[in-house]
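A.B. asks: Here it is, the structure, as structure tokens.
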Amino acid sequence: MCGRGPQFGHRISHAHNVSKRRWNLNLQTVRAIVNGASRRLRVCTSCIRSGKVQKVA
């Protein structure tokens, strides 16, 4: 819905060793109304909470 996906960065240890890591978003599978039809979407919870997604009743 909002185009968000996982973000990437580094895991830094106490000795400052650097390795790759990723932050996964809290995506939920939701049935939503898109252009008058119901579709299954993977939507982040912030969009669900803010009301950007109109759920199927």
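A.B. asks: For the range 9-29, enumerate the residues that are surrounded by 10 or more Cβ atoms within 10 Å (Cβ to Cβ) and within 20 Å of LEU41 (Cα to Cα).
C.D. replies: Scanning the range 9-29 gives LEU25, LEU27, GLN28.
A.B. asks: Further question: Could you check the range 34-47 and list, in sequence order, the residues that are at pLDDT 90 or above and of a type in the set (A, V, I, L, M, F, W, C)?
C.D. replies: Hits for the range 34-47 are ALA37, LEU41, VAL43, CYS44, CYS47.
A.B. asks: Kindly indicate the residue of the range 30-57 that is touching a strand residue (DSSP E or B) at 6+ places or on another chain (Cβ under 8 Å) and small (Gly, Ala, Ser) and also farthest from GLY3 (Cα to Cα) among those meeting that condition.
C.D. replies: SER38
A.B. asks: Separate question: Scan the range 37-55 residue by residue and report those that are exposed (fewer than 11 other Cβ atoms within 10 Å of the Cβ) and either under 10 Å from the mean Cα position of the chain (by Cα) or in a helix (DSSP H, G or I) (or both).
C.D. replies: Passing the criteria: ARG49, SER50.
The values are calculated or read from the model by the stated rules, or taken from the named source; none is laboratory data. The shown structure was predicted, so the numbers you read here are calculated from the model rather than taken from an experiment. Quick reminder, even Gly has a Cβ in these numbers, built from the backbone with ideal geometry, and neighbours come from all protein chains shown.
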